[in-house]
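Student: Below you will find the structure I want to go over with you.
The values are calculated or read from the model by the stated rules, or taken from the named source; none is laboratory data. Treat the numbers as computed from the prediction; the structure is a model and nothing was measured. Just so you know, the surface numbers come from the protein's heavy atoms only, side chains and all, with ligands and any DNA or RNA stripped out. Shrake-Rupley method; radii C 1.70, N 1.55, O 1.52, S 1.80 Å.
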Amino acid sequence: MKRARWIVSLAALVVLAGGVAATTRSAPQPGGRFITDEQGRTLILRGFNTASSAKGAPDALPELTKADIDREYRDMGTNFVRFLIMWRAVEPQPGTYDTKYLDKVAEWVRWYGERGYHVMLDMHQDVWGSGVTPAGTAGNGAPTWATYLDGLPVDTDQPTWEMLYLEPGVIRAFDNFWNTTGEHPELMDHYAKAWKAVAARFKDDPAVLGYDLMNEPWGGSVQGPQFETGPLATLYRTTISEIRSVDSDSWIFLEPQAVGVNWGLPSALPYVDDPRSGPPRIAYAPHLYPLPLDLGDDYTAGSKDWTDRTLGWWRDNVLRTADRLDAPVLLGEFGLDMTRPGASDLVDRVVRLSERAGAGVAYWSRDPWSWGPYDESGTATPLVGVYARPYPRAIGGVPVDIRSEARSLTVTFDANGTGPTEIYLPAAGFPDGGRASEGEATWDAARRVLTVRTKTSGRVTLTITPA
Ligand code: 9MR
């Protein structure tokens, strides 16, 4: 426990110092880089991480059903899923790829595709893999054959699961993967080739938007800029080159080091080239877990102010990194216990922040629990009310500003003739659909989507109000 407090205080100091640095510079603005669909329209992605239950499941698939996807769409109109896949399931034995597992993933992708979703496959890991915490639930992702602890211990009795990252055996497992030890140059290559196998399977699947190369990378004994510009960048370059050898079109999502950056600190992730012909399709997909909430506080009283500052630093630092990477932004994870005081206010704030930055959001997570949209008994949590909001699923131009309220949505964009703008309108604020301030609108009541054909060039300010 002492160690936990020490780390937390250090982290707090570092966050505060980072905040001072951030406020002395002017905040960058979104740089006009957006994820686009096959017509070239800007996609605003809204959805869930699906699902944490896949981590420990023997088949590595979410413990949900098709009906659960239907309910999610009906209640919140999501158009995106960050779908967890596991290296242990892709490559159960070195060099052997499990095509049956990939077929099952493909079936899930089909379910989503049939409902108009875009899927991002996320190679998930927490605390390396089940090989480091055989008795616990935290370690997941990497296959046991790729787990080298070199006899170092892992004490699973920790105040929080994240503390496991500091255990000597876990640090060694990562050091072997990054080849910091010089003993396992083969592991990163395996990882990159496992991604190639996934990309070869999904390259022609229209529902698959792209690939999130590694969940919450951890550097082991190499941390910060040394890690992000060193082994992490090497992994990304190697993996991108394997993926591009079979798939030149899918988006590739890069995550920064999680520790610190999840709390709003800057990332040192360098620009990574995309060897495809045509404009790069590399996106930046950081996570957001404000430190006060990680420490168990609520979004209330004193912690609210600190959390709000964190959100500001997070935004400024993320946009700086996105500028450097020349990449659009997707908030790949953010979530909290929705039964705690202030939780809905925080979701509202984060969604607004993402709207203003033109970024997508994947909420953590789509599991039946107090953080999710439905609890263990299937009852909706307050998340459904605050996450069901009007949003432009696809925009026929380059977004300048997006602002949603319960009963209105304003989208300002520079039209580029790519196609109509599609807007999701939740039943609560828009029971009979919506009225568009300009253009020609058609309402699809079953999907709750308003399709608006505006002028195809020049700046458009489109306001939607209830019909
Ligand atoms: O919410 C998840 C928790 O139930 C697990 O015990 C833990 C370890 O697997 O992972 C949590 O999910 C985390 C995700 O995998 C990575 N980003 C932070 C998430 C919330 O802590």
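Student: Any idea of Trp306's accessible area? Nearest 10 Å², probe 1.4 Å.
Tutor: 60
Student: Can you bin region 7-388 into rounded, prolate or oblate? Criterion: square roots of the alpha carbon gyration tensor eigenvalues sorted a ≥ b ≥ c, rounded for a/c under 1.5, prolate for a/b above b/c, oblate for the rest.
Tutor: Since a/c stays below 1.5, the shape of region 7-388 is classed as rounded.
Student: For Ser303, Ser248, give me the order by solvent-accessible area with a 1.4 Å probe, most accessible first, ignoring ligands, DNA and RNA.
Tutor: Details: Ser303 15, Ser248 55 Å².
My answer, sorted largest first, is Ser248, Ser303.
Student: Turning to a different aspect of this structure: Heavy-atom accessible area of Arg315 with all protein chains present, probe 1.4 Å, nearest 10 Å²?
Tutor: Roll a 1.4 Å probe over it and Arg315 shows about 90 Å².
Student: Provide, for the chain, the number of lysine pairs with alpha carbons under 23 Å apart, each pair being eight or more places apart or on different chains.
Tutor: For the chain, qualifying lysine pairs total 14.
Student: Taking all protein chains together and a probe of 1.4 Å, list Arg82, Arg281 from the most accessible to the least accessible.
Tutor: Descending accessible area places them as Arg281, Arg82.
Student: Using modelled amide H (1.01 Å from N, peptide plane; none on Pro or chain starts), what sits under 5 Å from the amide H of Ser221, excluding residues fewer than 5 places away?
Tutor: Here the answer is Asp175, since their amide H atoms fall under 5 Å of that of Ser221.
Student: Sticking with this one: Mind grabbing the accessible area of Glu242 for me, 1.4 Å probe, Å², rounded to tens?
Tutor: 40
Student: Still on this structure, I have one more. What does the helix-only formula give at 222 nm for the chain: each DSSP H stretch with n ≥ 4 adding -39500 (n - 2.57), the total divided by the residues, and the result rounded to the nearest 500 deg cm²/dmol?
Tutor: On the way: 12 runs with 147 residues, N = 467.
About -10000 deg cm²/dmol.
Student: Express the accessible area of the chain per residue in Å², computed with a 1.4 Å probe while the remaining protein chains stay in the model. Could you put the intermediate results ahead of the total?
Tutor: Values: 18100 Å² over 467 residues.
In whole numbers, the chain has 39 Å² accessible per residue.
Student: Shifting gears a bit: Cα axis of helix 99-114 to longest principal axis of the chain: angle in degrees, 0 to 90, nearest 10?
Tutor: With rounding to tens, the tilt is 20 degrees.
Student: Averaged over every viewing direction, what's the projected area of the C-alpha convex hull for region 149-306? Give it in nm², one decimal, please. The partial results should precede the final answer.
Tutor: Details: hull surface 45.6 nm².
That works out to 11.4 nm².
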